[in-house]
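Remarks on the structure that follows.
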Amino acid sequence: MSRFLSILAVVALGAFALSACGHVEPEPVTPIDLTELINPDGQAVRGLTVDSKAMGKTMKYNVWLPPKFDANTAYPILYLLHGAGDDQNAWLDKGNAMPIAARYVKTGGKPMIIVMPDAQMTFYMGAFEKYLHEELMPAVEARYKFSGKRAVAGLSMGGYGTLYHALKYPSKFTYAYAMSPAVDVNSFKGLIDAQSDKKVFPPFTIEVGTEDTTVNNADAKQVADYMKEQGMTCEWIARTGIHYWNFWQECLPKALKKAGETF
């Protein structure tokens with residue numbers, strides 16, 4: 001009997017406590033972000049095309065849209081260039097660009113659209129140059145709401161393209177990040193000399209691996225030093241690494257951060 005009375009006493013005390021506190025509201029439930037669940041690393045849009053008169057063929061490109069992409073928001077664009085022997089899929093399939101870029105945005109980085117063109121073996125010059133500026137850029141920047149700010153980055157042959165286009169068309173880019181770039185010293189010096197006002201150039205970063213034997217780091221250093229002599233901003237990074245994807249995957253977060261700071 002005494003055990004039964006003890007149980008009744010506990011129940012009574014609980015009821016009294018509830019009545020004294022009044023009505024208890026349930027904890028608010030945070031709504032589930034379905035976009036985040038479906039596309040936690042943003043969205044890769046593959047197989048986009050431009051019917052190019054300059055190239056005389058249909059050209060492919062891929063786009064990465066940041067997490068929580070909003071079609072009504074204007075975004076800056078990073079043109080991310082592949083190396084020799086690869087195509088528009090390289091940065092997504094080999095470079096882990098999606099999770100790297102998503103991590104950058106989720107940790108407070110500037111949301112941006114990343115465009116990855118297929119340059120074949122053009123070194124981003126000749127007919128491709130006309131295609132990039134007169135066909136691809138207008139097509140992409142009309143397809144998505146564009147903030148008016150763009151940067152360029154790339155590896156190896158794409159590093160060459162990065163330097164070439166940012167030096168020849170400096171007012172079009174807010175930043176240029178060349179990773180393990182192939183370099184034409186005299187040509188690049190000529191592009192720098194062609195601009196009387198060196199303030200028109202965006203900031204540059206050239207990053208190389210000290211064990212890289214595929215490209216000539218001494219040539220890249222010459223270009224970086226010449227930029228600095230001309231009063232341009234050029235960050236030079238030489239660190240342990242070879243001409244391979246694990247090196248460039250470590251470059252990409254820095255390229256995103258540098259570009260994002262100028263957007």
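Tabulated results
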read-out	value
Sparse-neighbourhood loop sites, GluC sites (Glu not before Pro) in the stretch 191-263 - DSSP loop, at most 15 other Cβ within 10 angstrom	GLU211
Answer label for semi-axes √(5λ) of the Cα gyration tensor in Å (calculated), chosen among (i) 55, 20, 17; (ii) 55, 18, 13; (iii) 52, 21, 17	(iii)
CYS251, CYS234 arranged by Cβ crowding within 10 Å, fewest neighbours leading	CYS234, CYS251
Order of VAL185, VAL152, VAL208 - criterion: other Cβ atoms within 10 Å of each residue's Cβ, fewest first	VAL185, VAL208, VAL152
Extension reserve of the ASP93-THR262 stretch, reckoned as 0.36 nm per residue once the Cα distance is removed	58.1 nm
Cα-based helix-to-principal-axis angle, 97-106 vs the chain, degrees rounded to 10	50 degrees
Footprinting exposure proxy for THR162, THR205, THR214, THR122 (fewest neighbouring C-beta atoms within 10 Å first)	THR214, THR122, THR205, THR162
Where chymotrypsin sites (Phe, Trp or Tyr not before Pro) fall in DSSP loop in the stretch 70-141, at most 16 other Cβ within 10 Å	none
Beta bridges by DSSP in the stretch 40-262, antiparallel share as percent, to the nearest 5	35 percent
Extension reserve of the THR240-ARG103 stretch, reckoned as 0.36 nm per residue once the Cα distance is removed	46.9 nm
Between helix 245-262 and the chain: long-axis angle, C-alpha atoms, 0 to 90°, nearest 10	80 degrees
Point-to-point label distance, VAL185-ASP51, nm (Cα→Cβ direction, 7 Å offset)	4.7 nm
Set of the stretch 159-201 residues, backbone N closer than 14 Å to the point 7 Å along the Cα-Cβ line of HIS133	162-173, 191-192, 194-195
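Coordinate-derived values only; no laboratory data. Computed from a prediction, not measured in an experiment: that's the story for all the values here. Heads up, the Cβs are rebuilt from the backbone with ideal geometry, glycines too, and the neighbour counts pull from every protein chain shown.
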